[in-house]
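The values are calculated or read from the model by the stated rules, or taken from the named source; none is laboratory data. Quick caveat, the model's predicted, so the values are computed rather than measured. Methodologically, a virtual Cβ is constructed for each residue, glycine included, from the backbone with ideal geometry; neighbour enumeration extends over all protein chains shown. Ligands, DNA and RNA are stripped out before the accessible areas are found, and what is left, the full protein with its side chains, is counted by its heavy atoms. Shrake-Rupley method; radii C 1.70, N 1.55, O 1.52, S 1.80 Å.
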Amino acid sequence: MNILEAIVRLIWLVGAAGFVLGLMRMNSPATARNGNLVSAGGMALAIAAMLVLLAVDKGLSTTAWIIILIGIALGGGLGLYMARNVKMTAMPQLVSLFNAVGGGAAALIAIDDFLRLSGQAGASIPLQTSVPTVLDIVIGSITFSGSLIASGKLMGLKITPSRPVMIPGGQLVTGALALIVAVAAIYLWLGNASVPVMFVILAMALIFGVTMTLPIGGADMPVVISLLNSFTGTAVAMAGFVLDNTVLIIAGALVGASGAILTKLMADAMNRSVINIMVGGFGGGEGTVGAMSGSGGSVREIGVDDAAIQLAYAQSVIVVPGYGLAVAQAQHAVRELAELLESRGVDVKYAIHPVAGRMPGHMNVLLAEANVPYPQLREMEEINPEFDRCDVALVIGANDVTNPAARHPGSPVSGMPILDVDHARSIIVMKRSMGRGYAGIDNELYVNPKTGMLFADAKAGLAELISAVKAL
């Protein structure tokens, strides 16, 4: 190792430290933006050091440099365009596409390395190289195809509907694919540098990603995206072993570990196991409409003026934002309503469930985009005790995360941590219809005598509420 390479490796270590520090600062909405910049700076530093090493030590051709610079320009330009133009409500789809790009890129690195090694005379790839190479191809390919399907489900594309798509004999097919991949991988690990077998693994892994993701309902996609994000990190770490690149190993390991932890936390927040989610076909899915049969009560509908009077003359209001608010892009409207109420002396807070919106932190960022003060955003454990002292709880588009049925055994959501909205003195639920959430069951909150249902699109309904409060 010469002096230049030693310096480059030290710079990589500094870049990796930037990843760690950035990840730590993403722990809070107040420091998340800065953490993102620190992580991006670490990556920029690592890339710059690699370019210097290539320029001085590797003797690349002009054609190679043109390809590298075009790749940086295209990738950087596309990333900048999407960062500036993609709406926050579409962020989960974007994250899923990023997962696909990361997994696909990692798989291509391993494929190229395998083809290069297998083309050498008397090729017999050593185990320390073939293991990460094959794992990189498998994990990266599953991530690539699975993330594309997940993104399509969230976009509501016709070829990838958000509802679970059950494949005939799907679990047997998926199991058979996994078995073929395992047998083929062992064959390569025994020292056989077979290109056709490698392409069999590639094809089976790509199909596996599709058959694994299609049966999963759109409402479970946040957990799936988080899991695929973990896969992406693992694939990148494997690519680091393939290339003997420390910064890729560290960055991939961080993403893989944090993605796995996030997946577990999200599954726990829905009282589901990750295996249960991956099996798919849970509940009736969003948009399922049904009567409140067996609920022991009736729904009480209220008008905008009634809701406005309750909010305007309350001392304490807790807003519970959900996916309906995100879809309607009503974050600016809810902030305007909150500021109007605060001008009348009302104490306003926001209750944020761990899976509010489409993924953890999604609702926090969405509201921060509308300049909602960070101190008003309260996590579930912090806000739940305050519902007992709350005059009005305003639920906007949230469903299962407010369902008291979670406290009773025998329900699909039994044991799921929920926001204690039913403890408030009065409850206003703003929804477009009586549609059910991901669990496909009725929400007991809607027949609570304290609950008034205000049927409206979140953005339009909030605009009407603002006008009604101003008129008082």
**OP:** Output the number of residues of the range 371-415 satisfying the condition of being modelled with pLDDT of 85 or more, over 19 Å from residue 449 (Cα atoms) and part of a loop (DSSP other than H, G, I, E, B).
**Re:** 4
Subject >> Tabulated pairs, the range 242-268, first assigned to a helix (DSSP H, G or I), second acidic (Asp, Glu), C-beta under 8 angstrom, 6+ apart or interchain >> reply: 242/113; 242/136; 243/113
**OP:** Considering every residue within the range 147-164, establish whether at least one is modelled with pLDDT of 90 or more, open to solvent by 30 Å² or more (accessible area, probe 1.4 Å) and out of contact with any strand residue (DSSP E or B) (no Cβ under 7 Å at 6 or more places or on another chain).
**Re:** yes
**OP:** Considering only residues that are at pLDDT 80 or above and hydroxyl-bearing (Ser, Thr, Tyr), look in the range 257-277 and name the one that is surrounded by the fewest Cβ atoms within 10 Å (Cβ to Cβ).
**Re:** 258
**OP:** Being in contact with a Phe, Trp or Tyr (Cβ under 9 Å, 6 or more places away or on another chain) and over 14 Å from residue 245 (Cα atoms) is the filter; apply it to the range 31-50 and report the residue that is least open to solvent (accessible area, probe 1.4 Å).
**Re:** 42
Original post:
What is the number of the single condition among (1) at pLDDT 90 or above; (2) under 16 Å from residue 249 (Cα atoms) that residue 143 does not meet?
Top reply: (2)
**OP:** Being closer than 26 Å to residue 93 by Cα and touching a Leu at 6+ places or on another chain (Cβ under 8 Å) is the filter here, so list the residues in the range 125-139 that pass it.
**Re:** 137
Subject >> Candidates 379, 369, filtered to the one that is surrounded by fewer than 17 Cβ atoms within 10 Å (Cβ to Cβ), acidic (Asp, Glu) and within 13 Å of residue 319 (Cα to Cα) >> reply: 379
**OP:** Take the range 18-30 and flag every residue that is assigned to a helix (DSSP H, G or I), at pLDDT below 90 and open to solvent by 40 Å² or more (accessible area, probe 1.4 Å).
**Re:** 20, 23, 24, 25, 29, 30
Original post:
Taking into account only those residues within the range 56-86 that are surrounded by 12 or more Cβ atoms within 10 Å (Cβ to Cβ) and modelled with pLDDT under 85, which is nearest to residue 154 (Cα to Cα)?
Top reply: 86
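Quick one: would you say residue 101 is open to solvent by 20 Å² or more (accessible area, probe 1.4 Å) and at pLDDT 85 or above?
Numbers: open to solvent by 20 Å² or more (accessible area, probe 1.4 Å): yes; at pLDDT 85 or above: yes.
Against the criterion (open to solvent by 20 Å² or more (accessible area, probe 1.4 Å) and at pLDDT 85 or above), residue 101 qualifies.
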